[in-house]
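J.: Okay, handing you the structure first.
Read-outs: derived from the displayed coordinates by stated rules, not from any lab. It should be emphasised that the depicted structure is a prediction, and the values quoted were computed from it without experimental measurement. A quick note on method: Cβ atoms are made from the backbone with ideal geometry, for glycine too, and the neighbour counts reach across all protein chains shown.
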Amino acid sequence: MHRLCIEGGTLSASDVSDVKGFSEKEIRADLKDGRKLTVSGEKLKISLFNKQNGTLGVDGKVYALKYSSGENFIKKLIK
């Protein structure tokens, strides 16, 4: 089960399988259930990523979180 907590300028997330990209404004991660998580903000910095137990820690100002399915839109149209 995926959990997400934002407390005092720190975001922590569980069930993260991979970090696909990061900058000071955006962090993109894959979740173990196939969904994707995008964290948008300012001065974002990955403080922890443990691929074995799926934990991700992010410091900075978080403005938005976006979840999306891992399915490719074009592949869904072709089916």
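J.: Is there a quick way to get the dipole size of the chain? I mean about its Cα centre, with the Cβ of Lys and Arg at +1 and of Asp and Glu at -1; what is the value in debye to the nearest 20?
T.: That gives the chain a dipole magnitude of about 340 debye.
J.: What FRET efficiency comes out for S68 versus S14 if R0 is 25 angstrom and r is the Cβ-Cβ distance? Round to the nearest 0.05.
T.: Using R0 = 25 Å, I get an efficiency of 0.85.
J.: Average the reciprocal distances over every distinct pair of alpha-carbons in the chain, invert the result, and give the Kirkwood radius in Å.
T.: 12.9 Å
J.: Considering amide H positions built from the backbone, and no H for Pro or chain starts, which residues 5 or more places from F49, or on another chain, come under 5 Å of its amide H?
T.: The list, which skips near neighbours in sequence, is G57.
J.: Just give me a number: lysine pairs in the chain, eight or more positions apart or cross-chain, with C-alpha atoms less than 16 Å apart.
T.: Within the chain, the lysine pair count is 15.
J.: Go ahead and collect, in residue order, the members of the stretch 17-46 whose backbone nitrogen is under 12 Å from a label point 7 Å along the Cα-Cβ direction of L4.
T.: What the label zone holds, given the 12 Å backbone N cut-off, is 27-31, 35-41.
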